[in-house]
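See below for the structure under consideration.
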Amino acid sequence: MTMATTLAPEDVARWRRDWETMMRHYQPGRDDLLAAGLTAAEEVPGNPPERVLDVGGGPGTTAEAVLRRWPEARVTVLDIDPALLALADNAPLRIRTVRADLGSARWLAPAGGPYDLVMALMTLHYLPAGRVRDWYAEARRLLRPGGLLLVADAMPVAPVAAERPDSGTDPWTAWWTALAREPAMARLLEERTAALSGLSSAEFAAPVGWHRAAARRAGFTDPTVRWERAGHALMVCRR
Ligand SMILES: C[S@@+](CC[C@H](N)C(=O)[O-])C[C@H]1O[C@@H](n2cnc3c(N)ncnc32)[C@H](O)[C@@H]1O
């Protein structure tokens, strides 16, 4: 699926760059985490992945990192958000984008597969606990035998503390507010409002042990934590 926008290429590049800056605020050590994940995706199976699925891949900045590392990979970015997918589609990247909702198992059909690598970075916390549990089994179905799943998200070691007092606009809101001022994005943002109507992030956060148990229950035999910092972790599961 390709979604058009009249944004100039340099503006697409700027919004995607700003997205990464914004995401680094929420995911401490994001670059190191991704590097650790991509290294695992090559080391664990013993060769680089050919087919990669980025679940909740947003504007395709992770897909870009994947292609920088493995230029021959066939990368699919799946997301519910038409505005973010348009930024991915209009970047100079050789990717396939798919619009689908992880709210039920119906996302599996458009996702396609089988994949050598399925990844979900900062995506699962949008789903409620029961959906995250089922999602592990669904993601496993998309992997070829021996394929790898990477999950990175907030996985707090202790119960999440009460919210800190607000010290101004958060970077997420600031990014979306600024994007809303782009006339070229108006139609896509209307489409986004319709697509996301009635949906909100579950803000789900569970410790690493919970995710390991969910992955084992889904049939992964050796879910391993490859990286951990400040209540965030990267888990690697082999099918
Ligand atoms: C915090 S962003 C992370 C994006 C990207 N993985 C990254 O690290 O830059 C969460 C992503 O999950 C997507 N998402 C949230 N709920 C979803 C759902 N129900 N179905 C599909 N995608 C969803 C959002 O649209 C967004 O792109």
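Assorted remarks:
- Residue within segment 45-65 that is hydroxyl-bearing (Ser, Thr, Tyr) and surrounded by fewer than 17 Cβ atoms within 10 Å (Cβ to Cβ) present: no
- You will find that of Ala214, Ala233, the residue that is over 18 Å from the mean Cα position of the chain (by Cα) and either crowded, with 16+ Cβ neighbours inside 10 Å or more than 27 Å from Val118 (Cα to Cα) (or both) is Ala214 and no other.
- Residues considered: Leu117, Leu87, Leu124. Of these, the only one that is farther than 26 Å from Ser197 by Cα and of a type in the set (A, V, I, L, M) is Leu117.
- Subset tally (residues that are over 16 Å from the mean Cα position of the chain (by Cα), buried (at least 16 other Cβ atoms within 10 Å of the Cβ) and either part of a helix (DSSP H, G or I) or on the phi > 0 side of the Ramachandran plot (or both)) for segment 1-32: 4
Read-outs throughout are calculated quantities, based only on the coordinates presented, and are distinct from any laboratory measurement. The shown structure was predicted, so the numbers you read here are calculated from the model rather than taken from an experiment. Counting neighbours? That spans all protein chains shown, and the Cβs are built from the backbone with ideal geometry, glycine included.
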